[in-house]
Amino acid sequence: MILDTPTKGTVTWQSPSNIALVKYWGKYGVQLPRNASVSFTLSRAYTKTSIRYTSLSQTSENVSIDFLFEGKKNEKFEKKISRFLNSIVEYFPFLTALHLSIESENSFPHSTGIASSASSMSAFALCLCQIEKDIFHRLENEEEFYQKASFIARLGSGSACRSVYPYLALWGRLDKISTSSNEYAIPCYEEIHPVFKTFRDSILIVSAEEKSVSSRAGHALMDGNPYAEIRYKQANQNVLKLLQAMKEGNLTSWGEIVEKEALTLHALMMASEPPYILMHANTIVMINKIQRFRQETNIPVYFTLDAGPNIHLLYPEKVNDKVMQFIRKELVSLCENKKIIHDQVGLGLEKRK
Ligand code: PMV
């Protein structure tokens, strides 16, 4: 495709990471989930991406790009982005008519144990939709814009599709939720109790080392996991239970589901063929401390884990001071280099000028 008139412009989006409360673990096709999942959208851990586009006089066979990550050339990321762009030309045919100069930066340092694929893929997908909107005046309807951004982010990195909505997003088809889809996430914060919009997520870094088994390999191992089918059913039920608890503002049943989900995710890893363990000794020490602290004080503080050893400590803003004291007294010494990243649930993405 060639554009009728020479075109150039710049788009910039900032998009956050997310933390799953009900986990997506197991997929088919191009990042289609075997079960529904729900996540909190975070605020402070984000990726900011800018794309400067200029039209080419001739269509290029492969999408033409140059890429800077945090101001420097990064060949590994550039190759990954190039491969991804070439795989989505059917959704953005104009890509072969442009040269893209892409710049991306994270608000969090590299190798801190925070996965950057959700924030980077969602920021990238939003930029591409913005280019389509600016050049062709399509995707003018907000719902359509975010739905396509979520769809494209999913093709890049599954759970990234949940990062394009504020507070809480649901991804995966559930018969009881007619707007839900396996192809993209939908926003689901409108009916939740306001306490959940104040939630903090203190990420306790047990280890920032690269995981011994990647998420991609972990998803693939679900195909041979004898518990897979029952797990997928359980996750779908947990989504409905969790959303009900969030409507009611019932922190106790919410927390029970969240912690069970985290432990189930890791139990699935231990029951894979071959089995593997991503938790570290200090992950378990901290889980015990968190549960004991909650029993003794009645303070609503809960944990979740993603596919790694680090703990996400989740609690409402109103207990922030007490939780900070608890972290200082009992948890910080168990973190690698005393590293903790304090994030919070938030509005998420931002279009930048
Ligand atoms: O999106 P992926 O392929 O990185 O998988 C994410 C898997 C978990 O973080 C463990 C769960 C989730 O739903 O985010």
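Are any residues in segment 120-136 closer than 17 Å to Tyr46 by Cβ and touching a Lys or Arg at 6+ places or on another chain (Cβ under 9 Å), and if so, which ones? Residues satisfying the conditions are Met121, Ser122, Ala123, Ala125, Leu126, Gln130. Could you list, in sequence order, all residues of segment 118-173 that are more than 20 Å from the chain's Cα centre (by Cα) and either open to solvent by less than 30 Å² (accessible area, probe 1.4 Å) or polar (S, T, N, Q) (or both)? Correct list: Gln130, Ile131, Glu132, Leu139, Asn141.
The conditions of being surrounded by 18 or more Cβ atoms within 10 Å (Cβ to Cβ) and either assigned by TED's automatic domain parsing to the domain that holds Ala217 or at pLDDT below 95 (or both) are not met by Ala267. When segment 323-353 is filtered for residues that are touching a helix residue (DSSP H, G or I) at 6+ places or on another chain (Cβ under 7 Å) and either open to solvent by 100 Å² or more (accessible area, probe 1.4 Å) or in a helix (DSSP H, G or I) (or both), the ones remaining, listed by number, are Phe326, Glu330, Leu331, Val332, Leu334, Lys338.
Tell me, please, whether a residue that is within 16 Å of the chain's Cα centre (by Cα), assigned to a strand (DSSP E or B), touching a residue at least 24 places away in the same chain (Cβ under 8 Å) and more than 14 Å from the ligand (Cβ to nearest atom) can be found in segment 36-44.
Checked segment 36-44: at least one residue is within 16 Å of the chain's Cα centre (by Cα), assigned to a strand (DSSP E or B), touching a residue at least 24 places away in the same chain (Cβ under 8 Å) and more than 14 Å from the ligand (Cβ to nearest atom).
Looking at Gly172, Gly249, just one residue is at positive phi, touching a residue at least 24 places away in the same chain (Cβ under 8 Å) and within 15 Å of the ligand (Cβ to nearest atom), and that residue is Gly172. Looking at (1) of a type outside the set (D, E, K, R); (2) within 16 Å of the ligand (Cβ to nearest atom); (3) open to solvent by 60 Å² or more (accessible area, probe 1.4 Å), can you tell me which one Thr59 breaks? With (1) of a type outside the set (D, E, K, R); (2) within 16 Å of the ligand (Cβ to nearest atom); (3) open to solvent by 60 Å² or more (accessible area, probe 1.4 Å) applied to Thr59, the lone miss is (2).
Within segment 120-146, residues that are assigned to a helix (DSSP H, G or I) sit with their Cβ atoms under 7 Å from residues that are of a type in the set (Lys, Arg), at 6+ positions apart or across chains, in these pairs: Ala123/Lys48; Cys129/Lys148; Glu132/Arg138; Phe145/Lys133.
Look at Lys260 and say whether it is touching a Ser or Thr at 6+ places or on another chain (Cβ under 8 Å), open to solvent by 40 Å² or more (accessible area, probe 1.4 Å) and free of Cβ contacts under 8 Å to residues at least 40 places away in the same chain. Lay out the reasoning, then the answer.
Values: touching a Ser or Thr at 6+ places or on another chain (Cβ under 8 Å): no; open to solvent by 40 Å² or more (accessible area, probe 1.4 Å): yes; free of Cβ contacts under 8 Å to residues at least 40 places away in the same chain: yes.
In short, no.
If we keep just the residues of segment 1-21 that are aliphatic (A, V, I, L, M) and open to solvent by less than 20 Å² (accessible area, probe 1.4 Å), which is farthest from the ligand (Cβ to nearest atom)? Walk me through it before giving the result.
The first filter runs over segment 1-21 and keeps only residues aliphatic (A, V, I, L, M), leaving 1-3, 11, 19-21.
This time we only want the ones that are open to solvent by less than 20 Å² (accessible area, probe 1.4 Å), so: 11, 19-21.
On the way: Val11: 24, Ile19: 7, Ala20: 3, Leu21: 9 Å.
Among those residues, the one meeting the criterion is Val11.
Exactly one residue out of Gln291, Gln295 is in the same structural domain as Val213 (by TED's automatic domain parsing) and in contact with a strand residue (DSSP E or B) (Cβ under 9 Å, 6 or more places away or on another chain), and it is Gln291. Would you mind stating whether Gln291 is part of a helix (DSSP H, G or I) and either in contact with a Gly (Cβ under 8 Å, 6 or more places away or on another chain) or surrounded by fewer than 14 Cβ atoms within 10 Å (Cβ to Cβ) (or both)? It is false that Gln291 is part of a helix (DSSP H, G or I) and either in contact with a Gly (Cβ under 8 Å, 6 or more places away or on another chain) or surrounded by fewer than 14 Cβ atoms within 10 Å (Cβ to Cβ) (or both).
Would you call Arg52 surrounded by fewer than 18 Cβ atoms within 10 Å (Cβ to Cβ), free of Cβ contacts under 8 Å to residues at least 24 places away in the same chain and outside any loop (DSSP other than H, G, I, E, B)?
no
Restricting segment 213-243 to residues that are farther than 16 Å from Lys23 by Cα and more than 15 Å from the ligand (Cβ to nearest atom), the residue that is least open to solvent (accessible area, probe 1.4 Å) is Gly224.
Any idea which of Pro274, Pro309, Pro300 is surrounded by fewer than 17 Cβ atoms within 10 Å (Cβ to Cβ) and in a loop (DSSP other than H, G, I, E, B)? Outline the logic, then answer.
Values: Pro309 fails: surrounded by fewer than 17 Cβ atoms within 10 Å (Cβ to Cβ); Pro300 fails: surrounded by fewer than 17 Cβ atoms within 10 Å (Cβ to Cβ).
Result: Pro274 is the single residue among Pro274, Pro309, Pro300 that is surrounded by fewer than 17 Cβ atoms within 10 Å (Cβ to Cβ) and in a loop (DSSP other than H, G, I, E, B).
Quick one: in segment 26-35, of everything that is within 9 Å of the ligand (Cβ to nearest atom) and open to solvent by 10 Å² or more (accessible area, probe 1.4 Å), which residue is modelled with the lowest pLDDT?
So the residue we want is Gln31.
The values are calculated or read from the model by the stated rules, or taken from the named source; none is laboratory data. These numbers come from a predicted model, not from an experiment. Here the Cβ is made from the backbone with ideal geometry for all residues, glycine too, and neighbour counts use every protein chain on show. In case anyone asks, the SASA skips ligands and DNA or RNA and just uses the protein heavy atoms, side chains included. Shrake-Rupley method; radii C 1.70, N 1.55, O 1.52, S 1.80 Å.
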